[in-house]
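The values are calculated or read from the model by the stated rules, or taken from the named source; none is laboratory data. In this text the structure is predicted, and so the values were computed from the model without any measurement. FYI the Cβ positions are ideal-geometry reconstructions off the backbone, even for glycines, and counts take in every protein chain you see. Note: accessible area is taken over every heavy atom of the protein model, side chains too, but ligands, DNA and RNA are not part of it. Shrake-Rupley method; radii C 1.70, N 1.55, O 1.52, S 1.80 Å.
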Amino acid sequence: MMRVVAQVKKESDWDWANPAIQDIFKNKAESQLYKIFTNVMVGTVTSIVKRFKIGTLIEVGTGPGKVTASLCEEMSKNNIKIPVIISDRAPGIMNIRDQLQQSFPTLTFKAFIWDIREIPPDELVAHITAPVLLFERFCLPMQAMMLST
Ligand SMILES: C[S@@+](CC[C@H](N)C(=O)[O-])C[C@H]1O[C@@H](n2cnc3c(N)ncnc32)[C@H](O)[C@@H]1O
């Protein structure tokens, strides 16, 4: 593990498709701090969809789908069935979609490879029902960090 960590620097191209980096993030995401951020995100999204009519939920930078799974648990508990679109620039997003669909068979999932620095793929846009609630955790700061280097 140390060798991989030693090779990744602030200037490195942070390849989220790299399984070693995904493992590091998965471990970090087990921490209390990440769980607090997950609860805040899930609580915020759930309270909005309970109060306002939302046509589609879109997540950018879904990664391993931990936040998504927590949100889907809360949606299932509250019988919320809004279609969920997950996306990431890393191709592993399709596997995450399959895992979520298996865990939450009553919900509807679509997955797209989308680098949020580009306009969204037409196929994603074709699956949108307005109004849209888009959410993300720890993806946009990546853009700021990359822009600042
Ligand atoms: C730190 S992980 C966060 C994963 C998940 N949102 C969470 O909070 O557990 C950042 C994720 O953002 C994705 N990402 C980074 N830059 C992106 C971009 N420009 N467009 C889409 N996804 C991006 C990475 O591939 C990675 O899966």
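If you rank Met41, Met75, Met94 by how much accessible surface each has, with a 1.4 Å probe, what is the order from largest down? Please list the in-between numbers first.
Numbers: Met41 40, Met75 0, Met94 80 Å².
The residues order as Met94, Met41, Met75, largest area first.
Tell me the carbon and sulfur percent of the accessible area for region 32-141, rounded to whole percent, probe radius 1.4 Å. Before the final figure, lay out the partial values.
Details: 3500 of 5970 Å².
Whole-percent figure for carbon plus sulfur exposure: 59.
May I ask you to list the trypsin sites (Lys or Arg not before Pro) in region 62-96 that are in a DSSP loop and have at most 12 other Cβ atoms within 10 Å of their Cβ?
On the way: sites: Lys66, Lys77, Lys81, Arg89; in loops: Lys81, Arg89.
Sites meeting the loop and neighbour criteria: Lys81.
Determine the per residue accessible area of region 32-141 with all protein chains present and a 1.4 angstrom probe, expressed in square angstrom. Walk me through the numbers on the way to the answer.
On the way: 5970 Å² over 110 residues.
For region 32-141, the solvent-accessible area averages 54 Å² per residue.
Please compute the modelled spin-label separation between Ile24 and Glu118, points set 7 Å along Cα→Cβ, answer in nm with one decimal.
Here the answer is 2.6 nm between the modelled labels.
Could you report the accessible area of Phe37 in Å², rounded to 10, computed with a 1.4 Å probe on the protein chains as they sit in the structure?
Ignoring ligands and nucleic acids, Phe37 comes out at about 90 Å².
Leaving out ligands, DNA and RNA but keeping every protein chain, what accessible area does Asp115 have, in Å² rounded to the nearest 10, with a 1.4 Å probe?
Rounded to the nearest 10, the figure is 40 Å².
Could you list which residues have their amide H under 5 Å from that of Thr108, counting only those 5 or more apart in sequence or on another chain, with H placed in the peptide plane?
Answer set, sorted by chain and number: Val84.
Need one value: the accessible area of Ser76 in square angstrom, 1.4 angstrom probe, rounded to the nearest 10.
60 Å²
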